[in-house]
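Reviewing the structure listed below.
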Amino acid sequence: MYTREQASRLKQAFWTTFGQYMAVIPSAEGLKTNWINYKTGHKHLFFRMAADKHTASIAIEISHPDLEIQALFFEQFEVFKELLQETLEEEWNWQLHAVNEYDKTISKIWQEIHQVSVFKKEDWPQLITFFKKRILALDEFWSLAKYPFDALK
């Protein structure tokens, strides 16, 4: 078992390693990108990656405080569902209006893997492969689909 400080340092080391690995890869539009803190251009729309002692996940997270606007964002993603799945080369989970760990209502579209740990360095290659493929696919999707979302700003 790790102390809180040790766990924090290991997580930070993983994300630093991932960031360095991804730093040389340009976005679909040819731009330098901070892959860990991906900017969608929308205040309440995020591409989030997370890893803990049992799972890793990547998600499109919609956190707009107005639940009707949040639903409109979600519906807009549903319009692009076929393009998203083709770009990702897999189906993801979809959930409208879920409550997150901070008691905030969000909507999300996500994929996850189990039986991996950010605390095991031997799992890092699998985690990096999982995140890299999907964040690059999300970026490619977003480069094609982002403009209709501007009306929801």
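The values are calculated or read from the model by the stated rules, or taken from the named source; none is laboratory data. Note that the structure is predicted; figures quoted are calculated from it, not measured. Please note: Cβ atoms are built from the backbone with ideal geometry, for glycine as well, and neighbour counts cover all protein chains shown.
A few comments on the model shown:
- Some residue of the stretch 45-60 being touching a Phe, Trp or Tyr at 6+ places or on another chain (Cβ under 9 Å), of a type outside the set (A, V, I, L, M), more than 23 Å from Trp15 (Cβ to Cβ) and surrounded by 13 or more Cβ atoms within 10 Å (Cβ to Cβ): no
- Looking only at residues of the stretch 20-51 that are within 14 Å of the chain's Cα centre (by Cα) and among the small types (Gly, Ala, Ser), we find that the one that is nearest to Trp142 (Cα to Cα) is Ala50.
- Test: Val116 is within 22 Å of Thr55 (Cα to Cα), touching a residue at least 24 places away in the same chain (Cβ under 8 Å) and of a type outside the set (D, E, K, R): yes
- Single residue of the stretch 113-153 satisfying the filter (more than 30 Å from Met1 (Cβ to Cβ) and either in a strand (DSSP E or B) or of a type in the set (Gly, Ala, Ser) (or both)) that is modelled with the lowest pLDDT: Ala151
- Being at pLDDT 95 or above and over 25 Å from Leu144 (Cβ atoms) is a condition met by at least one residue of the stretch 68-91.
- Single residue of the stretch 141-153 satisfying the filter (surrounded by 16 or more Cβ atoms within 10 Å (Cβ to Cβ) and in contact with a helix residue (DSSP H, G or I) (Cβ under 8 Å, 6 or more places away or on another chain)) that is farthest from Tyr21 (Cα to Cα): Leu152
- Number of residues in the stretch 1-28 that are without any contact (Cβ under 8 Å) to a residue 40 or more places away in the chain and part of a helix (DSSP H, G or I): the value is 11.
- The stretch 133-153 residues that are in contact (Cβ under 8 Å) with a residue 40 or more places away in the chain and more than 17 Å from Ala56 (Cα to Cα), paired with ones that are in a loop (DSSP other than H, G, I, E, B) and of a type in the set (A, V, I, L, M) (beta carbon under 7 Å, 6 or more apart): Asp139/Ala28; Glu140/Ala28; Ser143/Ala28
- Lys53 vs. criteria of a type in the set (Lys, Arg), outside any loop (DSSP other than H, G, I, E, B) and more than 26 Å from Lys153 (Cα to Cα): no
- Restricting Trp110, Trp94 to residues that are over 26 Å from Tyr21 (Cα atoms), touching an Asp or Glu at 6+ places or on another chain (Cβ under 9 Å), in contact (Cβ under 8 Å) with a residue 12 or more places away in the chain and not in a helix (DSSP H, G or I) narrows the list to Trp94.
- Residue within the stretch 22-33 that is touching a Phe, Trp or Tyr at 6+ places or on another chain (Cβ under 7 Å) and hydroxyl-bearing (Ser, Thr, Tyr) present: no
- Restricting the stretch 125-140 to residues that are within 15 Å of the chain's Cα centre (by Cα) and not aliphatic (A, V, I, L, M), the residue that is surrounded by the most Cβ atoms within 10 Å (Cβ to Cβ) is Phe131.
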